[in-house]
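Before any comments, here is the structure.
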Amino acid sequence: MNRLRIRRAATALAAAVVLPLALAACSGPDSGKDTNAASTPASDEAAQADKAPATDAMAPGTPFGPACAGVPKEGAGSFDGMAKDPVATAASNNPALSTLVAAVKRAGLVDTLNKAEGITVFAPTNDAFAKIPKGDLDKVLADKKTLTDILTYHVVGRNLTPEQLQNGSFETLQKGIVTTSGSGRAYKVNDTAKVVCGNVSTSNATVYIVDTVLMPG
């Protein structure tokens with residue numbers, strides 16, 4: 001009887017010793033690593049989300065506007081091609097600016113624009129020139145001084161970012177003033193001309209293509 005009691009006591013003691021050790025093993029370093037491993041993907045995803053760029057942010061030098069879709073994807077007239085050429089040459093490779101290019105050549109401003117550094121050009125499309133009655137446009141094209149005044153009124157002597165156009169007033173090469181307004185991807189010049197493809201880079205200029213010819217006051 002005494003032996004039976006001694007055996008039972010020994011068994012209980014052994015269980016008391018082994019059970020804490022078993023529990024400690026279950027919660028030991030290996031199980032901790034498993035828990036951390038399971039949580040790693042979630043923490044990595046959170047870190048990646050923090051680093052991800054905002055989808056609404058406009059990258060520097062990124063063209064914007066509805067008319068940008070009509071710019072060739074490849075070649076000299078593409079955005080990459082235009083970025084390699086000075087502004088008058090770059091414009092000559094864009095079919096939508098052929099009337100402007102002809103006017104620039106007639107005014108003798110090709111070299112002036114191509115050799116300028118760090119300028120901004122508000123470039124009217126062919127449709128913008130088409131808004132002017134043909135008789136009036138022919139008169140302007142035939143008058144070199146008037147034509148030069150109009151064309152140089154479209155040029156600002158420094159690079160302008162979209163942010164600077166939000167509420168701006170800038171002196172042009174013609175010595176007149178153009179005003180700009182807007183935000184995001186929608187801007188106007190002199191409250192009349194809409195920017196239809198903006199923030200286009202050439203080797204020496206930033207170009208904002210507009211839907212209306214600007215007239216100096």
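The values are calculated or read from the model by the stated rules, or taken from the named source; none is laboratory data. It should be emphasised that the depicted structure is a prediction, and the values quoted were computed from it without experimental measurement. Positions of Cβ are generated from backbone atoms using ideal geometry, with glycine treated the same way; all protein chains shown enter the neighbour counts. What goes into the accessible areas is simple: the full protein's heavy atoms, side chains included, and nothing from ligands, DNA or RNA. Shrake-Rupley method; radii C 1.70, N 1.55, O 1.52, S 1.80 Å.
Rounded to the nearest 0.05, what FRET efficiency do residue 144 and residue 192 give with R0 = 22 Å and r taken as the Cβ-Cβ distance? Could you check? For R0 = 22 Å, the calculated efficiency reads 0.30. Projecting each Cα onto the charge dipole of segment 69-217 (Lys/Arg +1, Asp/Glu -1 at the beta carbon, about the Cα centre), which of 96, 199, 76 comes out farthest on the positive side? Among 96, 199, 76, the one farthest towards the positive end of the dipole of segment 69-217 is 96. Around the Cα centre of segment 90-217, unit charges on the Cβ atoms of Lys, Arg, Asp and Glu (plus for the first two, minus for the last two) sum to a dipole of about 140 debye.
The 1.4 Å probe gives accessible areas that order 141, 151, largest first, as 141, 151.
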